[in-house]
Amino acid sequence: MSTIIAPSILAADFANLQKDCEMVNSSEADWFHLDVMDGVFVPNISFGMPVIKAIAKHANKTLDTHLMIVDPDRYIKTFADLGVDVLTVHYEACTHLHRTLQAIKAEGMQAGVAINPHTNVSLLQDTLADIDLVCVMSVNPGFGGQSFIENTYSKVKTLKQMIREQGTATRIEIDGGVTNKNAAQLVEAGADVLVAGSYVFRSDNPIETIAGLKSITS
């Protein structure tokens, strides 16, 4: 199966958001990756519901929303109502992860769990059967344009082995520092979804950059 490429809208030009959304629509990208930050769980604030509503109006591909917020349970229904397809919460922000996953699925969305660089993948052992997507943070969450953390490869391999052993259909997503230099190695390790922000939107030709990632990983 071809690797899913998910450009991160956090790196888009917010003065020309419709234009950048249309670029993603016309590219070989598969998903829109939307980062929601609250300035509490991570030291940055990104965008919230009104911006996602505006993006949803123009996007004609899967909306993959990554919540870097405390107490995400409060907003699950709101994101479902906005048209989000995949809703990812942070392991570190959920006191009752299983309950949160069930609430996401009850709203008709796929349930994702993100883990910070310091979080061991083994902590997902007991909930893996309920997780549609694990987002492995390959940088510290909060800001775009950071350098890729090399330990990510071994985490992905371990996680892939857990998924195989449990026989689940859980996808592995990599978020942070993804470029043409590490894409093939990430897919080889077991990644199914690659999030790319600065690498795509700050390139001279984003459509060609996305096509390049797609060709490397297909």
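For this structure, a couple of remarks:
Conditions tested, residue by residue: (1) out of contact with any helix residue (DSSP H, G or I) (no Cβ under 7 Å at 6 or more places or on another chain); (2) β-branched (Val, Ile, Thr); (3) closer than 24 Å to Ala189 by Cβ.
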position	(1), (2), (3)
Asp73	no, no, no
Thr88	yes, yes, yes
Ala103	no, no, no
Gly112	yes, no, yes
Ser147	yes, no, yes
Glu150	yes, no, yes
Tyr153	no, no, yes
Arg171	yes, no, yes
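- As a summary of the residue check, Ser138 satisfies the conditions (1) within 18 Å of the chain's Cα centre (by Cα); (2) surrounded by fewer than 23 Cβ atoms within 10 Å (Cβ to Cβ) except for the one numbered (2).
- Among residues of the range 41-96, those that are of a type outside the set (A, V, I, L, M) and assigned to a loop (DSSP other than H, G, I, E, B), counted: 14
- Among residues of the range 1-21, those that are of a type outside the set (Asp, Glu) and in a helix (DSSP H, G or I), counted: 10
- Where a residue in the range 72-87 is modelled with pLDDT of 95 or more and its partner, wherever it lies, is of a type in the set (Asp, Glu) and surrounded by 19 or more Cβ atoms within 10 Å (Cβ to Cβ), with Cβ under 6 Å and at least six apart: Val86/Asp64
- Members of the range 1-27 that are under 17 Å from the mean Cα position of the chain (by Cα) and closer than 13 Å to Lys61 by Cβ: Ile4, Ile5, Ala6, Pro7, Ile9, Cys21, Val24
- Count of the range 116-135 residues which are of a type in the set (Val, Ile, Thr), touching a residue at least 40 places away in the same chain (Cβ under 8 Å) and in a strand (DSSP E or B): 0
- Being surrounded by fewer than 21 Cβ atoms within 10 Å (Cβ to Cβ), within 15 Å of Asp85 (Cβ to Cβ) and not β-branched (Val, Ile, Thr) holds for only one residue in Asp64, Asp30, Asp38, and it is Asp30.
- Scanning the range 41-61 for residues that are surrounded by fewer than 14 Cβ atoms within 10 Å (Cβ to Cβ) and among the charged types (D, E, K, R) yields Lys53, Lys57.
- In summary, Lys157 fulfils each of the numbered conditions (1) under 13 Å from the mean Cα position of the chain (by Cα); (2) surrounded by fewer than 23 Cβ atoms within 10 Å (Cβ to Cβ); (3) closer than 18 Å to Asn120 by Cβ with the single exception of condition (1).
The values are calculated or read from the model by the stated rules, or taken from the named source; none is laboratory data. All figures in this text were calculated on a predicted structure; none of them were measured in a lab. Here Cβ is always computed from backbone atoms with ideal geometry, including for glycine, and neighbour counts include all displayed protein chains.
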